[in-house]
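Right, one structure below, let's go through it.
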Amino acid sequence: DQQVKQNSPSLSVQEGRISILNCDYTNSMFDYFLWYKKYPAEGPTFLISISSIKDKNEDGRFTVFLNKSAKHLSLHIVPSQPGDSAVYFCAAQRLNTNAGKSTFGDGTTLTVKP
Amino acid sequence: DTAVSQTPKYLVTQMGNDKSIKCEQNLGHDTMYWYKQDSKKFLKIMFSYNNKELIINETVPNRFSPKSPDKAHLNLHINSLELGDSAVYFCASSQRETQYFGPGTRLLVL
């Protein structure tokens, strides 16, 4: 039972345009969500997060939107840059349980073309 | 300075062998994890330790045994390696919600 899903394995956008990466979850007990970015031959690095009490969190070019009723979140990158080309993982947690255990989606590979 | 380090970075070995992967974090975090990323790129948690105590043990074969000698280290020992163990293994640490990952150990079992 995969509780966090990223249905698009890959996404290709032109430099300067918006990239939208999507993530769906099934467990309504999740109350904290994170996005990680991963370059080849490196470990994932934290990008941005959002608590379930919010529906939007913004950090520079990155914005995460959360729709609790739809159990859906998305990551917007605007404007996209070639250096954003990486695999993006969505992750979900239940705060205050399981010492920060994250359940990960299977990633979306973003390619930003110059 | 590397925050979470793993050794070795690459590991090629024969079926049936026993091998260990070491992980160290210098972030002062209380919690450490092992993840397995298989060929489908899915990141799946295997174990989690908090202050040297095992707190998460997902459905992982008994051939995998984590050991935490102190809060800064979490090693993974694998007995009787099988072909299906070939994957990338990531160590991570956290103090709160955000996890900090090591660079991964690429294990290939022949």
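The values are calculated or read from the model by the stated rules, or taken from the named source; none is laboratory data. Just so we're clear, the structure is a prediction, and the values are computed from it rather than from any experiment. Virtual Cβ from ideal backbone geometry, glycine too; neighbours counted across all protein chains shown. Please note that ligands, DNA and RNA were not included when accessible areas were found on the heavy atoms of the full protein model with its side chains. Shrake-Rupley method; radii C 1.70, N 1.55, O 1.52, S 1.80 Å.
The residues of segment A:82-114 that are in contact with a strand residue (DSSP E or B) (Cβ under 7 Å, 6 or more places away or on another chain), more than 7 Å from chain B (Cβ to nearest Cβ), open to solvent by less than 50 Å² (accessible area, probe 1.4 Å) and of a type in the set (S, T, N, Q), listed by number, are A:S85, A:T103, A:T108.
The strands (runs of 3 or more DSSP E) found wholly in segment A:29-76 and carrying at least 1 residues that are of a type in the set (S, T, N, Q) occupy A:45-51, A:56-59, A:62-67. How many residues does segment A:26-35 contain that are within 11 Å of A:F89 (Cβ to Cβ) and facing chain B (nearest Cβ under 8 Å)? Number satisfying all stated conditions: 1. Of the candidates B:Q6, B:Q25, the single residue that is over 28 Å from A:Q3 (Cα atoms), buried (at least 17 other Cβ atoms within 10 Å of the Cβ) and touching a Pro at 6+ places or on another chain (Cβ under 7 Å) is B:Q6.
Taking segment B:51-67 as the search range and keeping residues that are of a type in the set (S, T, N, Q) and within 19 Å of B:D18 (Cβ to Cβ), which one is least open to solvent (accessible area, probe 1.4 Å)?
Residue satisfying both the conditions and the ranking: B:S65.
For segment B:76-83, state whether one or more residues are open to solvent by less than 20 Å² (accessible area, probe 1.4 Å) and either within 14 Å of chain A (Cβ to nearest Cβ) or closer than 23 Å to A:K37 by Cα (or both). No.
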